Amino acid sequence: SIASADMDLNQLEAFLTAQTKKQGGITSDQAAVIAKFWKNHRTNIHESLISQSRWDNVLKNMNWRVDLKAQLRHIDQINTPVAIVEMELGKNGQ
């Protein structure tokens with residue numbers, strides 16, 4: 001949760017305080033260790049998550065549309081919008 005939200009120090013403190021108050025949560029000592037680790041390694045963790053979640057460097061093409069269902073067996077499903085997104089990714093120069 002801390003890494004995916006890229007929490008700043010205020011958010012981190014609030015999050016860890018909530019975790020210590022939660023039944024079955026963490027202890028104050030564990031919260032202090034986590035806070036110290038996050039303060040020292042936040043940049044490296046954030047960059048690692050970004051590099052792992054990025055497919056390639058360039059969005060080559062994107063198509064999208066919104067469809068409405070006009071005829072179904074159940075009346076409550078009619079006019080339900082559905083978004084369809086297609087993305088083509090690639091590397092620079094390829």
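The values are calculated or read from the model by the stated rules, or taken from the named source; none is laboratory data. The structure presented is a predicted model; accordingly, all values stated were derived computationally and were not measured. Note: ideal-geometry Cβ built from the backbone for every residue, glycine included; neighbour counts use all protein chains shown.
Looking only at the stretch 1-23, how many residues end up being of a type in the set (Lys, Arg) and either under 15 Å from Ile45 (Cα atoms) or surrounded by 11 or more Cβ atoms within 10 Å (Cβ to Cβ) (or both)?
0
Could you tell me which of the residues Ile26, Ile45 is assigned to a helix (DSSP H, G or I), at pLDDT 90 or above and surrounded by 13 or more Cβ atoms within 10 Å (Cβ to Cβ)?
Ile45
Every residue, every condition in (1) among the hydrophobic types (A, V, I, L, M, F, W, C); (2) on the phi > 0 side of the Ramachandran plot; (3) in contact (Cβ under 8 Å) with a residue 12 or more places away in the chain, yes or no:
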residue	(1), (2), (3)
Phe15	yes, no, yes
Gln23	no, no, no
Ala31	yes, no, yes
Phe37	yes, no, no
Asn40	no, no, no
Glu47	no, no, no
Gln52	no, no, no
Met62	yes, no, yes
Lys69	no, no, yes
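Out of everything in the stretch 48-88 that is of a type in the set (S, T, N, Q) and part of a loop (DSSP other than H, G, I, E, B), what residue ends up being modelled with the lowest pLDDT?
Asn57
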